[in-house]
Amino acid sequence: MLLMISKKASMEKSQIFFSCVKPNMRRIILGILPFDIGKFPFKYLGIPMCVTKLFCRDCKQLVEKIKMRILNWKSKALSFAGRLQLINSVLTTIHVYWASIFKIPIATIREIEKICRSYLWANGEIVKGKAKVKWIDICRPKDYGGLGVKNLRKWNDALLAKHVWNVINNKNSL
């Protein structure tokens, strides 16, 4: 396949992964291909690839990335509206990249929402405390009295449902 697309594989970066392959067949394949045997999980385009569902420990990188963004903004004296805009345009979109591929664990979504809540209400500080309004109310559309922040759980479900929809309606999408 590499010859058909006229690209050259980087031998240092390339690995081969086996699943349900007998040991003698593995030896034959490894004798032909000069790749190392890879182990799960590994990162591809910044996302951990694994053979099981994602666990919270697999998503620590996502949570840390969101925290780092907030720490970078901490020095800026942003208004409530400014912080709300950053949550809507930056923090929730970091989640979208992962959510379009995986079902994000509920505990991770709660952690991200907790970070966003504390950032919104505490002038850019990540602190514990009571929010002035329920987060579910904040996530309502503006037309219904909310602030239009994306509900990350529903957003994750919608992005994954989009893949199912494409498979059902376009048989060649696999």
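Rule-based calculations on the coordinates, nothing more; no lab input. Quick caveat, the model's predicted, so the values are computed rather than measured. With ideal geometry, Cβ positions are generated from the backbone for all residues, glycine too; neighbour counts draw on all protein chains shown.
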Which one, LEU160, ASN24, SER10, is farthest towards the positive end of the dipole of the chain when Lys and Arg carry +1 and Asp and Glu -1 on their Cβ? LEU160
Only helices counted: for the chain, with every DSSP H run of 4 or more residues adding -39500 (n - 2.57) and the sum spread over all residues, [θ] at 222 nm is -13500 deg cm²/dmol
State which entries of LYS74/LYS114; LYS13/LYS39; LYS67/LYS114; LYS53/LYS134; LYS13/LYS103; LYS103/LYS162 exceed 19 angstrom in Cα-Cα distance in the structure shown. LYS53/LYS134; LYS13/LYS103
Rounded FRET efficiency, nearest 0.05, which uses the C-beta distance separating ILE28 from ARG110 and R0 of 35 Å: 0.15
Once you charge only the Cβ atoms, +1 for Lys and Arg and -1 for Asp and Glu, what is the size of the charge dipole of the chain about its Cα centre, to the nearest 20 debye? 220
Show the residues, 5+ positions off or on another chain, whose built amide H is closer than 5 Å to the amide H of ASP36. ILE16
With a Förster distance of 45 angstrom and the Cβ-Cβ distance between ALA161 and ALA77, calculated FRET efficiency to the nearest 0.05 equals 0.65
Taking every alpha carbon pair in the chain and sorting the distances into 5 angstrom bins from 0 up to the bin holding the longest one, the percent per bin comes out as 1, 7, 13, 14, 14, 13, 11, 8, 6, 5, 4, 2, 1
So, by mean Cβ neighbours within 10 angstrom, what's the order for 110-122, 153-165, 21-33 with the highest one leading? 110-122, 153-165, 21-33
Toward the positive end of the charge dipole of the chain, about the Cα centre and with charges on Cβ (Lys, Arg +1; Asp, Glu -1), which of ASN170, ASN72, TRP135 goes farthest? TRP135
State, to one decimal in nm, how far the label point of LYS65 lies from the label point of ASN169, with both points 7 Å from Cα in the Cβ direction. 2.8
